[in-house]
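Chemist: To start, I am sharing the structure in question, which I have written as structure tokens.
The values are calculated or read from the model by the stated rules, or taken from the named source; none is laboratory data. Here the structure is a predicted model, which is why all the values come from computation and not from measurement. Reconstructed Cβ throughout: ideal geometry from the backbone, glycine too, with neighbour counts over all protein chains shown. Note: accessible area is taken over every heavy atom of the protein model, side chains too, but ligands, DNA and RNA are not part of it. Shrake-Rupley method; radii C 1.70, N 1.55, O 1.52, S 1.80 Å.
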Amino acid sequence: VAIAQLVARLNDSLLRTAIRWAEAELGPAPAPWAWLALGSEGRMEQTLLTDQDNALVYADAGAAHRDYFQALAERVNGDLETAGFPRCAGGYMARNWHATIGEGSQRFEGWIDSPQPKALLEASIFFDFRRVAGDQPVDALEEIIAQSATKAVFLRVLARSAREFRPPPSLLMRLRGSSSEMDVKLQGISPIVFLARAYALEAGSRARNTLERI
């Protein structure tokens, strides 16, 4: 745990440096903004080898300046990639996910009110967010997540999705071949992370880290 948190802090420092470089090139932001770390980054459960999971939200007054925030996201995502953080295979990066705080709130509400498979996937990534940089308040997003405690259907479907992760059919009884291989993250850690998230939301906890949720 201590190592994962240290890695997260080091990555946060690198990110803030990349943001300063981007602002030096693009000029001051036209509206307050917040850079969000998502998924394992948001939970501070990163390992040394991790891809990017992030988003950018900004004040509603910044809606007329989307080009600036697109450029900011592109520059920062690009610098992080150069520094050794691969692109997210699913595209969950600020260059693809930047919006006003109002638009972000609508997305959060939509995922909760209509928990279809894609919505559950996106909620599981975004609901673990952590603000890493910027001055834009994100209380509106926090409150929507907190309200999910009263959404029984959403919580039930979220918990059910944790049961889709299963250990390999053979219990590693052989020493050779694929039967001796196991994806620890997918088949061991992920169901714990998913269940801890569901129960924490039901309990009204705002914890992000899995151990803290437990």
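Chemist: Contact order normalised by length for the chain, with contacts defined as Cα pairs under 8 Å and 6 or more residues apart; what percent is it?
Modeler: Value for the chain: 22 percent.
Chemist: I would also like to ask the following. For a quick check: with amide H placed at 1.01 Å from N, whose amide H comes under 5 Å from Thr100's, ignoring anything fewer than 5 positions away on the same chain?
Modeler: Under 5 Å from the amide H of Thr100: Tyr58.
Chemist: Just subtract the alpha-carbon distance of Ala152 and Ile192 from 0.36 nm times their residue separation and send over the number in nm, one decimal.
Modeler: Residue separation times 0.36 nm, minus the Cα-Cα distance, leaves 12.4 nm.
Chemist: Right, next: Per-residue accessible area for Ser114 at 1.4 Å probe radius, Å² rounded to 10?
Modeler: Rounded to the nearest 10, the figure is 50 Å².
Chemist: Would you mind computing, in nm to one decimal, how far apart the modelled labels at Leu6 and Glu212 are, each placed 7 Å from Cα along Cα→Cβ?
Modeler: Computed distance between label sites Leu6 and Glu212 equals 2.0 nm.
Chemist: Output needed: percent of Cα pairs per 5 Å distance bin for the range 1-116, bins running from 0 to the one holding the longest distance.
Modeler: The distribution over the range 1-116 is 2, 12, 20, 23, 19, 14, 8, 2, 0, given as percents.
Chemist: Just how large is the dipole of the chain about the Cα centre, in debye to the nearest 20, putting +1 at every Lys and Arg Cβ and -1 at every Asp and Glu Cβ?
Modeler: 840
Chemist: Work out which GluC sites (Glu not before Pro) in the chain are exposed loop sites (DSSP not H, G, I, E or B, at most 12 other Cβ within 10 Å) and give the longest gap free of them.
Modeler: Values: sites that count: Glu164, Glu181.
Longest site-free region, per DSSP loop and neighbour criteria: 1-163.
Chemist: Helix hunt in the chain: which complete DSSP H runs extend at least 15 Å axially by C-alpha with mean Kyte-Doolittle at least -0.5?
Modeler: On the way: long enough: 2-26 (36 Å, 0.38); 66-82 (24 Å, -0.84); 101-113 (18 Å, -0.74); 152-162 (16 Å, 1.31); 190-203 (20 Å, 1.04).
Helices meeting the span and hydropathy rule in the chain are 2-26, 152-162, 190-203.
Chemist: Using a 1.4 Å probe and counting only protein heavy atoms, arrange Ile189, Ile144 so the residue with the most accessible area comes first. All intermediate terms of the calculation are to be shown ahead of the outcome.
Modeler: On the way: Ile189 90, Ile144 10 Å².
Per-residue accessible area, sorted high to low, gives Ile189, Ile144.
Chemist: How many angstrom separate the Cα center of the range 1-32 from the Cα center of the range 73-147?
Modeler: 16
Chemist: So for the chain: antiparallel DSSP bridges make up what percent, rounded to the nearest 5?
Modeler: Taking every DSSP beta bridge within the chain, about 75 percent pair in antiparallel fashion.
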